[in-house]
Amino acid sequence: MNILLLNAGSSSLKATLMESDDAKVVARGLADWAGDVTHYEYAGPDGKGRSEQVPWKGHAEAVQRFVSDLMHAEPVALHETSEIAAVGHRVVHGGEFTSSMRITAETRSRLTALADLAPLHNPPSLETLAAAEAELPNVPHVAVFDTAFHATLPPEAYTYPIPARWTRDWGIRRFGFHGLSHAYCARRAAEMLKQSADELRLVICHLGHGCSASAVRGGRSIETTMGFTPLEGLMMATRSGSVDPSIVLHVQQHHGLTAEQVESALNRESGLLGVSGISADMRQVQAAAKADHDQARLALGIYTYRVRQAIGALAVTMGGIEALVFTAGVGEHAWEVRKDICSGLECLGLELDVRANASCSPDMDVAKPGSPGRILVISTREDVTMLREVIQVLDGNW
């Protein structure tokens, strides 16, 4: 059974054709778009295939190209589009949707209304959905929400201390994001530790272009750093994370910024980019810091401080921690960032093995052998979570 999975980012798109049965999951065709270059990598079950680069022209054309190439690209080549049984779409902000859903006209309308809550991500998801429905009109399309994993947050965690009518009448609350990644890592951590998820208290740090941390107890999210939108919480590549809301009022009232200018600044001009003045790319910021660039060093200091602070708060929320998980681009590959974050976490029983950390490749435990708590580096697989969700939603109703 072939299921096409589309994971749209603000300026990227990951497309995967997954072949699934009860025994295994195989990625038959892969494409990864980012920025100005499209990088295709077609791979069969043996991992062999071909790759090429073509100009990036947006989400819709990327979908069209990928579906077309699936009909011709060896070793993936399908005989006809009817061999694709379903399409799964990652949607960052699901609002009040608490589980994955088959897409209907009503669902699409409700998703369109949520676009302003995740301005960097939901519009590209809607563009990708429209293109996929045009290319594959006769198969079921399923929306898989990044917010759904955090639907288990208790009221004290998801309710803001604001006028009750705002929450009651306008639906303002904390949602949480990166749920597909957090869900996968919670399951994978239990496998690596050879323990039931019910027995574990995990803090999961998804550190990529966007960053969030979650407290997962018994396999369920009970707290997370992102909130009403993906802007709250940790410092990120171009997003500020949490700031005093009076800053927004101040720059509007005293410096003449419009709401649109503030929204753009906090989402696109802040974080690593805003503080360093160099780049939103962690690798470039690290290189500048090593070359004694003061603002780059400050950016790294703020970044690691805020993650470490969040880990402490999330661990206390659960009353303890069995394992800390690092995942996503920075979490999986930036060993020096992991080292700086873990400095001081010994008070939580998290003791980093510096050598193991510096040489690790996911999936790996990088805590000292005698550390009471484990420190795991896990390669996140949002596509696997998406696949499970699509199959569960359709459950034979193809």
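The values are calculated or read from the model by the stated rules, or taken from the named source; none is laboratory data. Because the structure is a prediction, the values reported are computed rather than measured. Cβ coordinates were reconstructed from backbone atoms using ideal geometry, including for glycine residues, and neighbour counts include every protein chain displayed. For the accessible areas, the whole protein counts, side chains as well, though only heavy atoms, and no ligand, DNA or RNA atoms are used. Shrake-Rupley method; radii C 1.70, N 1.55, O 1.52, S 1.80 Å.
When segment 105-140 is filtered for residues that are touching a residue at least 24 places away in the same chain (Cβ under 8 Å) and under 21 Å from the mean Cα position of the chain (by Cα), the ones remaining, listed by number, are L111, L117, A118, P119, L120, H121, N122, P124, S125, E127, T128, L129. The residue of segment 141-171 that is nearest to M386 (Cα to Cα), among those that are in contact (Cβ under 8 Å) with a residue 60 or more places away in the chain and surrounded by fewer than 17 Cβ atoms within 10 Å (Cβ to Cβ), is P154. Test A86 against the stated conditions and say whether it is open to solvent by less than 10 Å² (accessible area, probe 1.4 Å), part of a helix (DSSP H, G or I), of a type in the set (G, A, S) and out of contact with any Asp or Glu (no Cβ under 9 Å at 6 or more places or on another chain). Against the criterion (open to solvent by less than 10 Å² (accessible area, probe 1.4 Å), part of a helix (DSSP H, G or I), of a type in the set (G, A, S) and out of contact with any Asp or Glu (no Cβ under 9 Å at 6 or more places or on another chain)), A86 does not qualify. How many of the residues making up segment 89-99 are surrounded by fewer than 23 Cβ atoms within 10 Å (Cβ to Cβ) and touching a Phe, Trp or Tyr at 6+ places or on another chain (Cβ under 7 Å)? Result for segment 89-99: 1. Please determine, by comparing only the residues of segment 186-203 that are part of a helix (DSSP H, G or I) and among the charged types (D, E, K, R), which one is nearest to G373 (Cα to Cα). Looking at the filtered set, the residue picked out is E199.
Taken together, A289, A237, A259 contain a single residue that is buried (at least 16 other Cβ atoms within 10 Å of the Cβ) and more than 19 Å from S212 (Cβ to Cβ), which is A289. Among the conditions (1) open to solvent by less than 10 Å² (accessible area, probe 1.4 Å); (2) under 19 Å from the mean Cα position of the chain (by Cα); (3) farther than 23 Å from A189 by Cα, A299 misses just one, which is (2).
Kindly establish whether A265 is under 25 Å from the mean Cα position of the chain (by Cα) and under 24 Å from S11 (Cα atoms). For A265, the condition - under 25 Å from the mean Cα position of the chain (by Cα) and under 24 Å from S11 (Cα atoms) - is met. Of the residues making up segment 214-229, not a single one is more than 23 Å from R338 (Cβ to Cβ), small (G, A, S) and part of a helix (DSSP H, G or I).
Of the residues in segment 240-295, how many are outside any helix (DSSP H, G or I), within 26 Å of A334 (Cα to Cα) and not hydrophobic (A, V, I, L, M, F, W, C)? Result for segment 240-295: 10. In segment 368-398, of all residues being more than 24 Å from the chain's Cα centre (by Cα) and open to solvent by less than 30 Å² (accessible area, probe 1.4 Å), the one that is farthest from I311 (Cα to Cα) corresponds to S371. Among the residues of segment 240-255, those identified as open to solvent by less than 90 Å² (accessible area, probe 1.4 Å) and either among the polar types (S, T, N, Q) or at pLDDT below 95 (or both) are S240, S242, S246, Q252.
Look at (1) surrounded by fewer than 20 Cβ atoms within 10 Å (Cβ to Cβ); (2) touching a strand residue (DSSP E or B) at 6+ places or on another chain (Cβ under 8 Å); (3) in contact (Cβ under 8 Å) with a residue 24 or more places away in the chain and you find that W335 fails only one, number (2). Scanning segment 47-68 for residues that are at pLDDT 75 or above and assigned to a strand (DSSP E or B) turns up nothing.
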